[in-house]
Amino acid sequence: MANCLAIDLGLIGYAEAYALQKRIVAARKADDLSDVLLLCEHPHVITQGRNGKREHLLAGENVLRQKGVEFYETSRGGDITYHGPGQIVGYPILNLAAIRRDVVWYVRMLEEVMIRVSGDFGVLAARETGKTGVWVAPPQELTQSTQRAQRSQSGAETAEKLGAIGVHISRWVTSHGFAYNVSTDLRFFDLIVPCGIADRKAASLEKLLGRAMDSREVAVRLTKRFGEVFGLNMQRASREELLETLQRREQLAAAGKNAGAQPESAVPLAAREPQSIAS
């Protein structure tokens, strides 16, 4: 079973996280680093994918500035979405060439991760035909049995989005990823047409369960389920250890370039004695 580093970045700005992703992608393409799963939360930010439409941004610059919301155009797939505190964002940097060269399968597996985590908390989440992401019926009282009944009565058209996906793949190395609403302030989704779907609302675990949620507990579940779905051995590493490994690799690459020779590969972080994740 291949190793995958699990790194919790905590609260981090979108631009900083994107820059870090690009460094990890370069290392992964060079096979200087194992697969990586970054988990984090962002300050309020709206991002637009490469297929997004600007008219799906409903707020002007002044409103965004007043609410402290940044805006970025990105290289990921999909339309427009919101990230903010209380939402766990996952950025898997995987070499799909070593797992399965299938983009649609990869997206379905990211959905599967969020579906399983939802089930861990008693929430019945599902896919919807023709739509990407994870969807739930909006019950007032949550059990899996009552949710099934409500879904059959109300129909799938009332479903709300609990988890979103937007990915980028280059030479079979992935970046960007998924966003899972834990205790997100859902009012910020009113600033956009989420994922370009006008008749749908966003949901969160906190809203569905009617109680406060601990993002750290959810992050542990996401990591565990991610490893199960993708068949990876998840290993904890700190942000500092990751940055040290990337810096060492980049220094070796620069030295090799200046010398006109191929640089010696940095020792992969996953080659050290790992701390496996268990729960």
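The values are calculated or read from the model by the stated rules, or taken from the named source; none is laboratory data. Keep in mind that what you see is a predicted model, and the values were worked out from it rather than measured. All Cβ positions, glycine included, derive from the backbone under ideal geometry; neighbour counts span all protein chains shown. The protein model used for the area step is the full one, side chains on, heavy atoms only, and it has no ligands, DNA or RNA in it. Shrake-Rupley method; radii C 1.70, N 1.55, O 1.52, S 1.80 Å.
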query = Is there a residue being under 16 Å from Gly90 (Cα atoms), open to solvent by less than 10 Å² (accessible area, probe 1.4 Å) and modelled with pLDDT of 95 or more anywhere in region 42-60?
reply = yes
Considering residues that are in contact (Cβ under 8 Å) with a residue 60 or more places away in the chain, farther than 19 Å from Glu206 by Cβ and surrounded by 16 or more Cβ atoms within 10 Å (Cβ to Cβ), the number found within region 117-141 is 1
Only unsatisfied item for Phe189, checking (1) closer than 18 Å to Met109 by Cα; (2) at pLDDT below 95; (3) touching a Phe, Trp or Tyr at 6+ places or on another chain (Cβ under 6 Å), is (1)
Of the residues in region 42-83, those that are under 16 Å from the mean Cα position of the chain (by Cα) and at positive phi come to Gly78
Condition set without any contact (Cβ under 8 Å) to a residue 40 or more places away in the chain and aliphatic (A, V, I, L, M), scope region 22-53, selection farthest from Val193 (Cα to Cα): answer is Ala26
Within region 180-219, restricting to residues that are part of a helix (DSSP H, G or I) and charged (D, E, K, R), the one that is least open to solvent (accessible area, probe 1.4 Å) is Glu206
Residue set Leu222, Leu252, Leu246; condition crowded, with 19+ Cβ neighbours inside 10 Å, hydrophobic (A, V, I, L, M, F, W, C), in a helix (DSSP H, G or I) and out of contact with any Leu (no Cβ under 7 Å at 6 or more places or on another chain); output residue Leu246
Log entry, pairs with first residue in region 54-82 being of a type in the set (S, T, N, Q), second being part of a loop (DSSP other than H, G, I, E, B), beta carbons closer than 7 Å, six or more apart or on different chains, reads Thr74/Gly49; Ser75/Arg50
Taking region 134-178 and keeping residues of a type in the set (Val, Ile, Thr), at pLDDT 55 or above and not in a strand (DSSP E or B) leaves Thr158
Residue set Gly260, Gly231; condition on the phi > 0 side of the Ramachandran plot, at pLDDT below 95 and either over 23 Å from the mean Cα position of the chain (by Cα) or surrounded by fewer than 14 Cβ atoms within 10 Å (Cβ to Cβ) (or both); output residue Gly260
A careful count of residues in region 49-99 that are within 27 Å of Glu217 (Cα to Cα) and among the β-branched types (Val, Ile, Thr) gives 5
Note on region 85-104: residues touching a residue at least 12 places away in the same chain (Cβ under 8 Å), assigned to a loop (DSSP other than H, G, I, E, B) and at negative phi are Pro85, Leu94, Ile99, Arg101
query = Do the conditions hold for Gly10, that is, is it in a loop (DSSP other than H, G, I, E, B) and in contact (Cβ under 8 Å) with a residue 12 or more places away in the chain?
reply = no
Problem set entry | Meets criteria (open to solvent by 10 Å² or more (accessible area, probe 1.4 Å), touching a residue at least 24 places away in the same chain (Cβ under 8 Å) and not in a strand (DSSP E or B)) for Ala19 | no
All conditions in (1) within 22 Å of Leu191 (Cα to Cα); (2) buried (at least 17 other Cβ atoms within 10 Å of the Cβ); (3) of a type outside the set (Lys, Arg) are true of Ser34 except (1)
Screening Tyr18, Tyr72 for residues that are in contact with a strand residue (DSSP E or B) (Cβ under 8 Å, 6 or more places away or on another chain), modelled with pLDDT under 95 and of a type in the set (Ser, Thr, Tyr) leaves only Tyr72
